[in-house]
Amino acid sequence: MASSVSRSKAAADPASPSEQQNEKRRNFLDWRNLVKPVTEEKDHWVPDEAVNKCTACAGDFSAFNRRHHCRNCGDIFCDKCTQGRTPLTSDADSQPVRVCDRCMAEVSRRLSSAKEAANRPVVQSHEDLAKKLQVCLLASYFVSLASKYL
């Protein structure tokens, strides 16, 4: 009896099936987000609903041409325009993530400069410091000498 009442209620309200479908979809999307890594920050991501075309190639999104967020800039691209996978930091435990073609070059430059900086000696030798001091002393001597005659 109760099932017949709920069926007649659903038949009377035509929006119910679509509302149920939307609720199922929301629950599925919530579940999908639980599966993703917790460390992934999405604050800077462009919302999916805001974009209908790939930011790079302007290809329309569909069931077969899916939206993908660049983990660096947060814009939305198709799969072809986000082929790059690279870690965003130079940390040893940093995992490669999806980035757009534009950000791939930027992140690569950033990581290589960080790597170069890490490989540079922090402490300079005594000889190098002595040379720098000598150059500074000579420069200040010539400045004071020039100021006397000008």
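The values are calculated or read from the model by the stated rules, or taken from the named source; none is laboratory data. Please read all numbers here as calculations on a predicted model, not as lab measurements. Backbone-built Cβ (ideal geometry, glycine too); neighbour counts: all protein chains shown. Each accessible area value is taken on the protein alone, full model and side chains, heavy atoms only, with ligands, DNA and RNA left out. Shrake-Rupley method; radii C 1.70, N 1.55, O 1.52, S 1.80 Å.
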Using θ = phi - 60° and the Karplus curve 6.51 cos²θ - 1.76 cosθ + 1.60, what whole-Hz ³J(HN,Hα) does each residue of segment 42-51 get, with Gly and Pro shown as x? 10, 4, 8, 6, 6, x, 4, 5, 7, 10
What accessible surface, in Å², does a 1.4 Å probe find on THR89, ignoring ligands, DNA and RNA and rounding to the nearest 10? 60 Å²
Please turn the phi angles of segment 86-99 into ³J(HN,Hα) values with the Karplus equation 6.51 cos²θ - 1.76 cosθ + 1.60 (θ = phi - 60°), one per residue in order, whole Hz, x for glycine and proline. 8, x, 8, 10, 8, 4, 5, 9, 6, 8, x, 10, 6, 9
Virtual spin-label span in nm between ALA92 and GLN20, 7 Å along Cα→Cβ: 5.5 nm
To the nearest 0.05, what FRET efficiency results for ALA50 and ALA105 with a Förster distance of 30 Å applied to their C-beta separation? 0.75
Below 12 angstrom from the Cβ of CYS78, what's the summed charge of the other residues (Lys, Arg +1; Asp, Glu -1)? +1
Heavy-atom accessible area ranking, 1.4 Å probe, most first, across ARG71, ARG85: ARG85, ARG71
So if each residue of separation counts as 0.36 nm, and I subtract the Cα-Cα distance between SER147 and ASP79, what length gain in nm does that give? 17.9 nm
